[in-house]
Amino acid sequence: MERITLQDKSFRTYIPYQEIDKAIEQVAAALNRDLRNEDEPVFIGILNGSFMFTADLMKKIDLSCVVTFVKLSSYSGTSSTGTVREIVGLCTDITDRTVVVVEDVVDSGQTIEKLVEDLKKKNPRKIIICTLLFKPNAYRGKIPIDYVCIRIPNDFVVGYGLDYNNLGRQLKDLYVID
C-alpha cells in the first residue's frame, strides 16, 4: 500500500486505477445502451475534479455527442464551504437536449442541486447525473444520482482529479486520509 503526503496530510492508496477503469467501463456501457436513441446528448464535465473521469469516460462512449465543461467551486481544504460558486459557465445551448452531468464525487449534493437548478433554466429535455464516486451516507439531495461508478463511505479522498488544497489531482489512483 502506497502512502503519500500532501501538505500536512498523509494518504494511503484507496482505490487503484484498474478498479476505477473497470467501474467506468461498466457505467459507459450502460450510458451507451441507455442513450443510443438520444440525439447528440451533451456531456458536461464539472471542473476541476472531473477532468480525468470525464476524459476516461468519453473514451468509452460510442455515441455521437457533445462534450463541454463548467467550473464550480464549493470546497476549501477537506470540507465543503456550503456555497457553490460558478467560476466558468456553460457555453453550449442545451435547449431540448439530453444533458449528462459528469461529476467527480457526489457527497452532500449541494453542487448537484445548484447545478441542476441552473441547468433547468436553459430548458434541457432531460438531465442525467453520472458520478465517479457517490457517498450515500453524506447525500442530502433530492435529485436521483442516475449512474454511479463507485460508492464509498464519507471519507475524504484525493487523486484521479480530486485534490487537497489543489494538490494530488494528477495521481492515477485514489487515496484516502491515513
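Rule-based calculations on the coordinates, nothing more; no lab input. Remember, predicted model here, so these are calculated numbers, not experimental data. Cβ sites come from the backbone with ideal geometry, for glycine too, and all protein chains shown count toward neighbours.
Just a few scattered comments:
- With R₀ fixed at 25 Å, the C-beta to C-beta distance from residue 25 to residue 2 puts the FRET efficiency at about 0.60.
- Beta bridges by DSSP in the chain, antiparallel share as percent, to the nearest 5: 45
- Cβ crowding within 10 Å averaged over residues, with 24-35, 42-53, 137-148 ranked highest first: 42-53, 24-35, 137-148
- Cα→Cβ-extended label distance, 7 Å offset, between residue 13 and residue 66, nm: 4.1
- Positive-end residue, the chain charge dipole about Cα centroid, Cβ charges, pick of 20, 35, 156: 156
- For the chain, the calculated P(r) over all alpha carbon pairs, in 5 Å bins from 0 to the bin holding the longest distance, is 1, 8, 18, 22, 21, 15, 9, 4, 1, 0 percent.
- Under 14 Å between alpha carbons - lysine pairs in the chain that sit 8 or more apart or on different chains: 6
- Using only alpha-carbon positions in region 92-154, the gyration tensor eigenvalues give semi-axes of 22, 12, 8 Å once each is multiplied by 5 and square-rooted (largest first).
- Karplus-derived 3J(HN,Hα), 6.51/-1.76/1.60, for each residue of region 110-121, Hz, glycine and proline x: 4, 5, 4, 4, 5, 4, 4, 4, 5, 5, 4, 5
- Rounded to whole Å, the principal axis extents of the Cα atoms in region 9-71 read 46, 26, 14, largest first.
- Helix 17-34 and the long axis of the chain differ in direction by around 10°, with both axes built from C-alpha atoms.
- For region 34-52, the residues whose amide N sits under 12 Å from a probe point set 7 Å from the Cα of residue 92 along the beta carbon direction are 40-46.
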